[in-house]
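Colleague: Input: one structure, supplied below.
The values are calculated or read from the model by the stated rules, or taken from the named source; none is laboratory data. Please read all numbers here as calculations on a predicted model, not as lab measurements. Cβ sites come from the backbone with ideal geometry, for glycine too, and all protein chains shown count toward neighbours. These accessible areas exclude ligands, DNA and RNA; they are computed on the full protein's heavy atoms, side chains included. Shrake-Rupley method; radii C 1.70, N 1.55, O 1.52, S 1.80 Å.
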Amino acid sequence: ALFDVPERPVEISGTDAVAFLERILARHIADMEIDRGRYALACTHQGGIFMDGILFRLAENRFWFVHPDGDLDTWLLAHSCGFDVTVSDPKSRVLQLQGPHSYQIMHDASSGAITKNLKYFHSGFFDLEGQQVYVSRTGWSGELGYEIYTLGDQTDCPRLWDHLMQKGTPYGMVFSSMQAMNTRRIEAGILDSGSDFDSSMTPFEAGLERFIDLDKDSFIGHDALAVAPSGTRLYGVRCDGAIPKAGDLIFEKSSPVGKITTGAQSPYLDCGIGYVRFD
């Protein structure tokens, strides 16, 4: 399926780009290779999760941080004082092509340039019918999949869309909705910023501690996280008798102990599924 998604990149460039991103993000950045992506969290000074997304290194001192929504631009600008960096909007918009046939479609759409050597979280510039776009092997589905990033005014978007639809039709590709992707990402155990977790939760409480590099002491929120409790509050839930929906309460006997953050009917598990955030 082909999805038109709301995420977008913010560009961070300049001689201090690496040092700046080491300050903003809770993962090591300096060891990233060019044309690689890395899932990363930006935390508040109190240790809450401000934003999550994927950081791509396009060049030595040029990065894109791809996020779904929120005030990331303002956050970056507010913390850029003292760093030789430029925060800008590359005016890139994003498509996701996800599913078992996505490799063959992208291989055909790129005239064979995209091969199986493009591993998970690898990326690069590719030509799709005479148009250069940025492509990564990532996605919000847990499936084999790719994300396609337009390059502002350089990209003829209707032409790109028609090309992908033409190459995908022989494989049964359809344009699909965010709700279909939401169902699949819950099945895959992927979280959503702002609904499943927010700034009131630490990465530990959201079960994302593996994305926190506490051995670097310079990032925003480090001191708070160094003394934060390690318990998890967010869990998956299965429900055979109903479909959980956001806002539903979880009870222990007569006492509410948590709240559903999102839910759906799972075609794969043949039951209701979702996430619950415990108090």
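Colleague: Could you tell me whether any residue of region 71-85 is among the aliphatic types (A, V, I, L, M), touching a His at 6+ places or on another chain (Cβ under 8 Å) and modelled with pLDDT of 95 or more?
Modeller: no
Colleague: Of the residues in region 1-25, how many are in contact with a strand residue (DSSP E or B) (Cβ under 7 Å, 6 or more places away or on another chain) and over 26 Å from G145 (Cα atoms)?
Modeller: 6
Colleague: Continuing with this model, one more query. Given the condition basic (K, R), surrounded by 13 or more Cβ atoms within 10 Å (Cβ to Cβ) and free of Cβ contacts under 8 Å to residues at least 60 places away in the same chain, answer yes or no: does some residue in region 110-121 qualify?
Modeller: no
Colleague: Could you look through region 224-257, keep only residues that are in a strand (DSSP E or B) and free of Cβ contacts under 8 Å to residues at least 24 places away in the same chain, and pick out the one that is least open to solvent (accessible area, probe 1.4 Å)?
Modeller: Among those that are in a strand (DSSP E or B) and free of Cβ contacts under 8 Å to residues at least 24 places away in the same chain, it is V257.
Colleague: Only one residue in R184, R159 is more than 20 Å from P100 (Cβ to Cβ), in a helix (DSSP H, G or I) and either among the basic types (K, R) or within 22 Å of the chain's Cα centre (by Cα) (or both). Which one?
Modeller: Testing whether each residue is more than 20 Å from P100 (Cβ to Cβ), in a helix (DSSP H, G or I) and either among the basic types (K, R) or within 22 Å of the chain's Cα centre (by Cα) (or both) leaves just R159.
Colleague: Could you tell me which residue of region 61-82 is nearest to G194 (Cα to Cα), considering only residues that are exposed (fewer than 11 other Cβ atoms within 10 Å of the Cβ) and more than 21 Å from the chain's Cα centre (by Cα)?
Modeller: Among those residues, the one meeting the criterion is A78.
Colleague: Same structure again: Being touching a residue at least 24 places away in the same chain (Cβ under 8 Å), of a type outside the set (K, R), closer than 30 Å to V94 by Cα and in contact with a helix residue (DSSP H, G or I) (Cβ under 6 Å, 6 or more places away or on another chain) narrows it down to one residue among G194, G272, G168, G207; which is it?
Modeller: From the options G194, G272, G168, G207, the qualifying one is G168.
Colleague: Which condition breaks for F50 when tested against (1) out of contact with any strand residue (DSSP E or B) (no Cβ under 6 Å at 6 or more places or on another chain); (2) farther than 22 Å from G145 by Cα?
Modeller: The one condition F50 does not meet is (1).
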